[in-house]
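Worksheet for the structure shown next.
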Amino acid sequence: MTKLVRSPIAALAVAVSLAAPARADDLAGEWIFRGHGGEVRLLLRADGTYVFEASKGKWKRDGARLVFTPSEEEETSYDLSLDGDKMTLSGGDLGAPVTFTRKGERPKASSPEDEKAKAAMDSFSRKPQGAPRETTKLTPKFSGKTKTVKDKSCEVTVPESWTFQSQEKDGVTIMSVNPGLQATDIMKQQIIFWVAPVKHSEIDKGFRDRVDEGADKVDPLFNSNGVSMKREKTAILDAPGGLIARLDYKGTLTNQFVQGQKATGLFALSQRKMYDVAVSIVTLDGNEKDNTDEALAVLDSMKCLLKDRDPEKEKEILGSWIVPSKTGNTWETYDFAKDGTYKWHYESSYSGTFKNAGGDQTGAWGTAGQDDETGRYEIRGDIIFFVSKKGEQGQRFEIGVDDKGKTFLRVGNTKFLK
C-alpha cells in the first residue's frame, strides 16, 4: 500500500496515484494460487460469502481493499490489485503480496447495462491517452515572461519570478514554489509540484478509474492538519499537453499563522511519458495575486525527457541480482542479459493457523505466490526503462558499493545485491 506523506498538501499527490478499484462482480468466482506446497483455493461467491481452505465467512470490496469476515471472528482486510485474471492481495496479516489466478471463465456481467459501463471505462485507456467523454477544453496561458527549467529527467516552462525548493521522498520529487510573494504574504497561496515514476501496476489503468479512486483518497487529506474543506467539483481537462484531472475544494484553514480563515484548494494531475506530474494549491480568500492559471499552465508545459541510451551503464548491471531476505519467506531477482533483455522473478510463501473466538487452534493454512516478467530494458540518464507485456515503466536506479564492500543495484526503492 502506498505510504502517505504527513504533509496535507504533499500527501495528495501520493493518494491519487493509487490503483483503481475492482468492482465486486469482477471478483466473484474461484481463485487459485500455486506454490511449492501445492494449490490453495479461494472461492468468492456472488452472494457475498467465501470459502478459503478451512475458513468460511463473508467478503466484500471496500474501495481498493478486499475484506474478509470469518464466522465469529474479526474482519481482516487486504490491499487489492486486479490485473486481468490475476488478483494480488497484500497487507493485512500477509508478509508479502500473494497473487491468485482465476480458475475457469470470468462470470458474465449481471446485465447489459453493466457491459456498457465496463466498455465505457475501457475507453479511458492511458495508452494512447485518448480524451474520454465529459471533458472540458483547457488552453492555459502565461500572463507574463517565462523561463525554462530543467532537471535530470524533466523540462518545464515557468514564470520568471517563480523560485523552487526541491526535495525527494519515497521516490517522489516534491517542489515547493514561491511565485514571487513577499515573506509576509507567503501563506496566502501555497503551491507544490511533484513528479513520480508511474507505478508498474498502474501503467494500464484507465485515467478516469484512477481519478475516481484517487479523489476518494484525497478528500480526507483536505480535512486534517488544520485544513477543513469539501470537494465541490471533479473534472477532466483536455489540455494541449494531455489530460489533466482537476479537483476543487472549499472550506477553511487554521494553523499557527491563521485561524479559521476561508480558503480554496485545488489538486491537478497529469501523466508525462513514464511519470505522474501534479500540482496542489491552497489559497486563502482575499489573496490579491491568484497564480492558479499560471500553475495549470506550468503543469501543461511539463515535458519529461528521454535521454540518449547509455550502453556503458547497461554493461555495469549485466548478470544476476537478488534482494537479501532476512526471513527466507521471499525471493526476488533480476537477470540482465547482453542482448538487452531482462527477467524478473518474485515468489513468497507463508503459513499460519486458524483460531476460534476462544483462542483454540482449529486448523492450519499455507500461502504461496509467484510472479515472473520478461522483456527489454535500456538505461537513459538515471532512469532504467522496462518494456514487457505489462506495458512500459521507468524507474530511477543507482549502482554502487555499500559500506560492506558489496556491489548493489537499487531499482526504485528496492536494493539488489550481486
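Read the figures in this text as sums done on the coordinates, not as results from a lab. Since this is a predicted model, take the numbers as computed values, not measurements. Cβ sites come from the backbone with ideal geometry, for glycine too, and all protein chains shown count toward neighbours.
Annotations for the structure displayed:
- Subset of Lys169/Lys415; Lys262/Lys303; Lys217/Lys343; Lys147/Lys303; Lys343/Lys406; Lys313/Lys415 violating a 25 Å alpha-carbon distance limit: Lys262/Lys303; Lys217/Lys343
- Cα-based shape type of the stretch 286-336, given that a ≥ b ≥ c are square roots of the gyration tensor eigenvalues and the cut on a/c is 1.5: oblate
- Net charge of the neighbourhood of Gln370, taken over other residues with C-beta under 10 Å away and scored Lys/Arg +1, Asp/Glu -1, is -2.
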